[in-house]
Amino acid sequence: MPFSEKDKEIMKFALGEAKSTLKYGNFPIGAALTINGDLVGVGRNLLYTNKDWHSHAENNLIQSHSKLIREETKKGSLVELFSTIEPCLMCFGTSLLHRIPRVVFACLDPYGGITNLDKNNFPAVYRERWPKIEGGLLAKDSQGLMINFLESKNTKIFNEMLGKYMNLKI
């Protein structure tokens, strides 16, 4: 399914957040949240800024809008999460528990993210909440940000990550 112009517009907000967090030394990952197609917030990776492991862009964004998401979901509003990188298990779990019905991402996570999960391996309560997952929207832009970031680090672990991002088929 092709992405809409609105989807592209929203992903550009997420990419802007990804670029802005670079100046703080964080991985260039951004996220955007919409309700009924309207942008309600953006988030960025703050892993190094906050010095904790759960400060991922998606997690930060969802937590800061948790009450609104809950209220809008109860009304039947369409809540969508956009991320520049395929969400990890933690961020996916947060979106699943918040009943976000659509997750759109740009670049695959070469270490494996949500697209590797089989919802049939989960209990019914999670299968019923499982969102529509769509990837590849502006993937090259996101991949380029990640490659530039990893090249600038030039350490063994970052060079290993760099190789994985450079070998992604986009």
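The values are calculated or read from the model by the stated rules, or taken from the named source; none is laboratory data. All of these numbers come straight from a predicted model, not from anything done at the bench. When we count neighbours, we look across all protein chains shown, and the Cβ atoms used for this are built from the backbone with ideal geometry, even at glycine. Each accessible area value is taken on the protein alone, full model and side chains, heavy atoms only, with ligands, DNA and RNA left out. Shrake-Rupley method; radii C 1.70, N 1.55, O 1.52, S 1.80 Å.
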If I ask for residues that are farther than 15 Å from V104 by Cβ, in contact (Cβ under 8 Å) with a residue 24 or more places away in the chain and open to solvent by 60 Å² or more (accessible area, probe 1.4 Å), which ones from segment 38-58 would you list?
R44, Y48, T49, H54
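Just to check your reading of the model, which residue among T94, T84, T115 is under 17 Å from I133 (Cβ atoms), in contact (Cβ under 8 Å) with a residue 24 or more places away in the chain and open to solvent by less than 10 Å² (accessible area, probe 1.4 Å)? Steps first, answer last, please.
On the way: T94 fails: open to solvent by less than 10 Å² (accessible area, probe 1.4 Å); T115 fails: open to solvent by less than 10 Å² (accessible area, probe 1.4 Å).
Step by step, each of T94, T84, T115 is checked, and only T84 is under 17 Å from I133 (Cβ atoms), in contact (Cβ under 8 Å) with a residue 24 or more places away in the chain and open to solvent by less than 10 Å² (accessible area, probe 1.4 Å).
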Which listed residue, of L61, L81, L33, is over 18 Å from T21 (Cα atoms) and either assigned to a strand (DSSP E or B) or not hydroxyl-bearing (S, T, Y) (or both):
L81
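Among the residues of segment 64-73, count how many are of a type in the set (S, T, N, Q) and buried (at least 20 other Cβ atoms within 10 Å of the Cβ).
Taking segment 64-73 as the starting set, the residues that turn out to be of a type in the set (S, T, N, Q) are 64, 66, 73.
The next check asks that each one be buried (at least 20 other Cβ atoms within 10 Å of the Cβ); those that pass are none.
Total satisfying the criteria: 0.
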Give just the number: which of (1) open to solvent by less than 10 Å² (accessible area, probe 1.4 Å); (2) outside any helix (DSSP H, G or I); (3) farther than 22 Å from M161 by Cβ does N26 not satisfy?
(3)
Residue under question is T34, and the condition is that it be in contact (Cβ under 8 Å) with a residue 40 or more places away in the chain, of a type in the set (S, T, N, Q), out of contact with any His (no Cβ under 8 Å at 6 or more places or on another chain) and surrounded by fewer than 24 Cβ atoms within 10 Å (Cβ to Cβ); does it hold?
yes
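Against the condition farther than 16 Å from L138 by Cβ, aliphatic (A, V, I, L, M), open to solvent by 70 Å² or more (accessible area, probe 1.4 Å) and within 14 Å of the chain's Cα centre (by Cα), how does L61 come out, does it pass? So that I can check it myself, show each step before the final result.
Values: farther than 16 Å from L138 by Cβ: yes; aliphatic (A, V, I, L, M): yes; open to solvent by 70 Å² or more (accessible area, probe 1.4 Å): no; within 14 Å of the chain's Cα centre (by Cα): yes.
Criteria not met by L61.
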Quick check on segment 144-153. Is at least one of its residues within 17 Å of the chain's Cα centre (by Cα) and open to solvent by 40 Å² or more (accessible area, probe 1.4 Å)?
no
Matching residues in segment 156-170 - criterion: being open to solvent by 60 Å² or more (accessible area, probe 1.4 Å), without any contact (Cβ under 8 Å) to a residue 40 or more places away in the chain and not aliphatic (A, V, I, L, M)
K156, N159, E160, K169
Restricting the search to segment 1-23, which residues are in contact (Cβ under 8 Å) with a residue 40 or more places away in the chain, open to solvent by less than 60 Å² (accessible area, probe 1.4 Å) and in a loop (DSSP other than H, G, I, E, B)?
F3
Test of understanding: among V103, V125, which residue is under 22 Å from K6 (Cβ atoms) and either surrounded by fewer than 20 Cβ atoms within 10 Å (Cβ to Cβ) or touching a residue at least 24 places away in the same chain (Cβ under 8 Å) (or both)?
V103
